[in-house]
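The values are calculated or read from the model by the stated rules, or taken from the named source; none is laboratory data. All of these numbers come straight from a predicted model, not from anything done at the bench. Backbone-built Cβ (ideal geometry, glycine too); neighbour counts: all protein chains shown. Note: areas computed on protein heavy atoms with side chains; ligands, DNA, RNA excluded. Shrake-Rupley method; radii C 1.70, N 1.55, O 1.52, S 1.80 Å.
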Amino acid sequence: MVKCDFCGAEIEGLPYKCKYCGGTFCVWHHLPEEHNCLGLHKAVSTYALERAERLERAAPPRLRSAPAAALYPGEARDLAIGVAAVALAYLHPYSLTGALVALLVALTAYLPHELAHKLAAQRYGYAARYVLSRWGLLLTLLSALPFAPLRFIVPGYVLVSGYGVGRKENGIISAAGPAVNLAAAALLLLAAPASRIAGELVYANAFIATFNLLPFGPLDGRKIIEWKPALWLLMLLLAALLLVAGLV
């Protein structure tokens, strides 16, 4: 297992090699300014970095045009693997109908959630790529076992790269995923009384939103609550209500 040269933590997924100092770092410390990069001067002067920091603190986030590249090399493959893992986690009962529902869950609940994060980050001008998580993918696949007590839908995440990501921008990017799930669940709830599949999709969207809104670790909830606690609480309450509605 590869460890981060800065914090010593084991790296999930692919390690990041700094092109300035040559070190290997985790997702939290892959940017030069986050691991006290000794070779940072090769990219930009200290004066320019300090000036950028002052501007970032003083100015509100500004929307910038999204990068030209929609998907990075290998990203479509990672998304397909993530979607397949989620479908397997929801494959119950083991039948043609069950497989259809599981695939619909992955395509209408998980995939839009991750793409919302990616598009929101790109809208702010940051590089954003969906990457697989080694342990997250394993937990998701273990959730497919018949005796698994809980579902862990964490096969991957959107890695956002850029200098000076502010608390507001981070909060908005993080809120985009659960917001898409909440909107989808609310709309599908209208069709739930007449369609069992719609009811399943309501529950799946509400579950993914609720899970990601938990204020722990790298989940979306922690970053939203750091930005706007009231918004986080409102989203969590709405997710819980939709989760209950999906069970009825």
Worksheet item: Among the residues of segment 148-158, is any assigned to a helix (DSSP H, G or I) and open to solvent by 50 Å² or more (accessible area, probe 1.4 Å)?
Response: no
Worksheet item: Can you find even one residue in segment 119-134 that is of a type in the set (Phe, Trp, Tyr) and in contact with a strand residue (DSSP E or B) (Cβ under 6 Å, 6 or more places away or on another chain)?
Response: yes
Discussion item. I need a count of the residues in segment 209-220 that are surrounded by fewer than 24 Cβ atoms within 10 Å (Cβ to Cβ) and without any contact (Cβ under 8 Å) to a residue 60 or more places away in the chain.
Written reply: 7
Practice prompt. May I ask you to list the residues in segment 177-208 that are small (Gly, Ala, Ser) and either open to solvent by 20 Å² or more (accessible area, probe 1.4 Å) or free of Cβ contacts under 8 Å to residues at least 40 places away in the same chain (or both)?
Written response: Ala179, Ala183, Ala184, Ala186, Ala191, Ala192, Ala194, Ser195, Ala198
Worksheet item: Name the residues in segment 90-131 that are over 23 Å from Ile172 (Cβ atoms), of a type outside the set (Ser, Thr, Tyr) and open to solvent by 20 Å² or more (accessible area, probe 1.4 Å), would you?
Response: Leu91, His92, Pro93, Leu96, Ala99, Leu100, Leu103, Leu104, Leu107
Practice prompt. Could you list, in sequence order, all residues of segment 54-100 that are outside any helix (DSSP H, G or I), modelled with pLDDT of 75 or more and closer than 18 Å to Thr140 by Cβ?
Written response: Tyr90, Leu91, His92
Worksheet, complete the sentence: Among helices (runs of 4 or more DSSP H) entirely within segment 165-248, at least 1 residues that are charged (D, E, K, R) occur in 167-189, 196-212, 220-227
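Which one is least open to solvent (accessible area, probe 1.4 Å), of the residues in segment 2-13 that are assigned to a loop (DSSP other than H, G, I, E, B), of a type outside the set (Val, Ile, Thr) and out of contact with any helix residue (DSSP H, G or I) (no Cβ under 9 Å at 6 or more places or on another chain)? Before you say what the answer is, go through the steps one by one.
Of the residues in segment 2-13, the ones assigned to a loop (DSSP other than H, G, I, E, B) are 2, 4-9, 11-13.
If we keep only those that are of a type outside the set (Val, Ile, Thr) as well, we get 4-9, 12-13.
Within this subset, residues satisfying the condition of being out of contact with any helix residue (DSSP H, G or I) (no Cβ under 9 Å at 6 or more places or on another chain) are 4-5, 7-9.
Numbers: Cys4: 6, Asp5: 100, Cys7: 65, Gly8: 38, Ala9: 45 Å².
This residue is Cys4.
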